[in-house]
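First the structure, in the form of structure tokens, and then the observations on it.
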Amino acid sequence: MADKKLLRIKDLVLHFRTQHGPVQAVDGVSLDLDYNRAVVVLGESGCGKTTLAKAILRLLPRNVEKYSGEVCLGGKDVMPMADEEFRLSVRWAAISMVPQAAMNALNPVLRVGDQILEPAIIHLGMKKGDALQLALKMFQHVGVPADFIGRYPFELSGGMRQRVAIAMALITSPSLIILDEPTSALDVLTQANIFNVLKRIKKELGTSFILITHDIATSSELADDVAIMYAGQMVETGDAMRFFPNPLHPYAQKLMASVPRLRGEKNLEFIVGQPPSLVNPPKGCRFAERCPQRFGKCDQEPPVIEKDGRTVKCWLYN
Amino acid sequence: MSAEEKTKEAERVGQGWDKTGPLLSIQDLRVWFELRRFGFGRAGYVRAVDGVSFDLGRGEAIAIVGESGCGKSSLMKTILGLYKPTKGKVIFDNEDLTEKGTKGMRWYRSHVGYVQQDPYGALAPFMTLQRILEEPMIIAGIKSKEERQQRIRKVLEEVKMFPIEDFLGKYPHMLSGGQQQRTVIARAMIMGPNFVVADEPVSMLDASVRVEILKLLRGLQETHNLSVIYITHDLSTVSYFSERIFVMYAGQLVEKAKVTRLLNNPCHPYTLALLNGTSDPDAKNALTFKEVPPGEPPSLVKPPEGCRFHPRCSKMIKGTCDVKEPPEFLPEADHQVSCWLWQ
């Protein structure tokens, strides 16, 4: 393999044009991901997590103001590719996605079987019969009974629909799957089930995952690495084993302190104030206004500091 | 009675809470919805709530935990008087609500607040905060404009929306999710209720705001000596909010206990499964698989014979669990569980 890393994102920028000016939804994000690893992207709503996923897959709306940076997949930069080439060789072939509220992302008038065949027919050039066999195999992987293949989405429960959506992402055997809030609308036991499925897929098929969520507690079920996003920027990245007990960035610390624990007597904290507007973000550190450890330097743009294999974008560690 | 207790008692009398006994008492409540009929025959019923009984003390906070479709919302809506119970009684402050007419329900509604799950959906998009908060008072017949204004100010102060003037003229879409939920809470509090039902008040909010709203609700509960029913599917927030937990499964309460007791010594296999399914943020979680009972909750049209959890239960006793419905057993004091294992 040309590159040890499966995915290397460098300075990815995606700005949208609006009436009030450009929205800096993703503003200089860098992220690395190894083969057979799962990275969790955590952040509040509106911090640009979903936009990051769409920027990686180049699923862009019409009002794009600026789209730049580097997305290297297995050592090859896919950003200069033409749209058609990208569609054929990257989207769903190498990276697929399980969209947010996947329960409602299925087409209600098509049988679930027909829906999950589609990527196999288009991307792998399969005949329908072979694709059907493959679909059945995928159903087995995600734990959906084989006879569900002829059913319509409304005949399935929320958890089953979510599994079908995962099967659809799996069918082309991509090396990377982006999961956008895969379990936020599901019950506790269904969530645990889905995470069991994802763990098994990771173990058996060696797939990598980018898991986008705001649910910190359940995200730890899959996380090898953690990336914290705030106001369109990555403020901390690092491996989960060291992140969860000891987050570095003040925002990450505050976020972890706000997670209720089952048997915790710990006093919960919350973050005062609101995230800044992305139309006109503050100069310097974007978290400074809400940060309890703010000091003089914080009105200048903080550098990304590397510390034992973790990165943190904060002046405190300079 | 110590002097301190006496003054407390006097305060309660002064506030009109001199009555004793539980504030709310639910007795063998059943809410069945009829399925569409075919011809003259009956297709059957969806037994959304099937034999639920509990008492809610004055100033007590309880949590009802269960998966979606277990009937917790139907239970809540029946308590609020939005559904008519098929059988059983809802007794509020020694008055039976099932016998009340329109006028009686109006009296009841000014004593109970409701905090909805989705704050944006719960607020009328074409009304300003001023109107949203004024409406319940107009319906309840508070004629004086000044008094209404005064109450709005007081309640907005209590939910910490400052500066008040800035918010009064705003529409719901101009507020953040946390502020919207505060408005919903303010509306629930505006009639000065002594009982509040909160239906997953924080499930739509971000992690950092969630705690803020939970703390706000807890604060209001303590200062106003409110009785609260907190409905949720998230066990991890329960211990921060309530004294007792009821676990609901397929229309029935399967376990009732104090929060610490239930978390440390879950007696029903379903409770245990729920606790195992809930994660704490810990990187070690990624290394192990979770134990999850197989299958899905049963249909409420034809629930399984005997214990409703038995088809999914790993500790099922053949000949008992699948035949007879378990009564409530007491494995320890103040801890009721409907499971044959504790016979």
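Taken over region A:106-173, the convex hull of the Cα atoms encloses 72 Å³ per residue. When only the Cβ of Lys, Arg, Asp and Glu is charged (+1, +1, -1, -1), the dipole of the protein assembly as shown relative to its Cα centre reaches about 900 debye. For the residues of B:209-220, the average number of beta carbons from a partner chain within 10 Å of their own beta carbon is 3.
Between residue B:249 and B:254, the built amide H atoms are under 5 Å apart, and every one of these is 5 or more places off in sequence or on another chain. The alpha carbons of region A:271-316 occupy a box of 32, 22, 19 Å along the principal axes, longest dimension given first. This ranking places B:105, B:161 by how few other beta-carbon atoms lie within 10 Å of each, fewest first, which gives B:105, B:161. Taking the convex hull of the alpha carbon positions in chain A and averaging its projected area over all directions gives 17.6 nm². The spacing between region A:1-42 and region A:123-186, judged by their C-alpha centroids, is 26 Å. Given R0 = 51 Å, the distance between the Cβ atoms of residue B:68 and residue A:297 translates into a calculated FRET efficiency of 0.60. The smallest convex shape that holds all Cα atoms of the protein assembly as shown, its convex hull, gives 200 Å³ per residue. Label-to-label distance, residue A:272 versus residue B:264, with points set 7 angstrom from Cα along the beta-carbon direction: 3.5 nm.
Taking a point 7 Å from the Cα of residue A:65 along the Cα-to-Cβ direction, the residues of region A:12-46 with backbone N closer than 20 Å to it are A:12-30, A:46.
In order along region B:282-290, the phi-based Karplus estimate (6.51 cos²θ - 1.76 cosθ + 1.60, θ = phi - 60°) of 3J(HN,Hα) comes to 7, 5, 5, 4, 5, 8, 10, 8, 8 Hz; Gly and Pro are listed as x. Between B:87, B:284, B:324, the GNM of chain B built on Cα springs shorter than 10 angstrom shows B:284 fluctuating the most. Here region B:266-343 and region B:32-99 have alpha carbon centers that stand 22 Å from each other. When the chymotrypsin sites (Phe, Trp or Tyr not before Pro) in region B:26-65 are filtered for DSSP coil states and for at most 11 other beta-carbon atoms within 10 Å of their beta-carbon, the remaining sites are B:40. Using a simple spin-label model with pseudo-atoms 7 Å out from Cα toward Cβ, residue B:218 and residue B:146 lie 4.0 nm apart. Counting pairwise Cα distances across region A:194-318, what percent come out greater than 22 angstrom? Percent of Cα pairs beyond 22 Å in region A:194-318: 42. Does anyone have the angle between helix B:129-140 and the longest principal axis of chain B? Alpha-carbon axes, 0 to 90°, nearest 10? The angle comes out near 80 degrees. Under the criterion of Cα pairs below 8 Å and six or more residues apart, the relative contact order for chain A equals 21 percent. Once you reduce region B:141-204 and region B:102-135 to the center of their Cα atoms, the two points are 10 Å from each other.
Considering only Cα atoms, the convex hull volume of region B:177-288 works out to 127 Å³ per residue.
Only lysines eight or more places from residue B:77 in sequence, or on another chain, were considered; those with a Cα closer than 26 Å are B:19, B:87, B:89, B:100, B:103, B:215, B:256, B:258, B:302.
For chain B, the calculated P(r) over all alpha carbon pairs, in 20 Å bins from 0 to the bin holding the longest distance, is 27, 56, 17, 0 percent. Note on chain A: with a GNM built from Cα contacts shorter than 10 Å, the maximum mean-square fluctuation among A:272, A:197, A:142 falls on A:272. Projected label points at residue B:162 and residue A:109, each 7 Å from Cα along the beta carbon direction, are separated by 5.6 nanometres. Inter-chain neighbour count for A:180-193: the average number of beta-carbon atoms from partner chains within 10 Å of each residue's beta-carbon is 5.
For B:256, B:145, A:49, the sequence from fewest to most other C-beta atoms within 10 Å is B:145, B:256, A:49.
Using modelled backbone amide H atoms (1.01 Å from N, in-plane), which distant-in-sequence or interchain residues come within less than 5 Å of residue B:93's amide H? Distant-sequence amide H within range of residue B:93: B:24, B:25. Residue exposure proxy: B:34, B:328, ordered by other Cβ atoms within 10 angstrom of their Cβ from fewest to most, comes out as B:34, B:328. Per residue of peptide A:214-226, the mean number of Cβ atoms on other chains within 10 Å of the residue Cβ is 5.
No lab work stands behind these numbers, since they all come straight from the coordinates. Please read these numbers as outputs of a predicted model, since none were measured by experiment. FYI the Cβ positions are ideal-geometry reconstructions off the backbone, even for glycines, and counts take in every protein chain you see.
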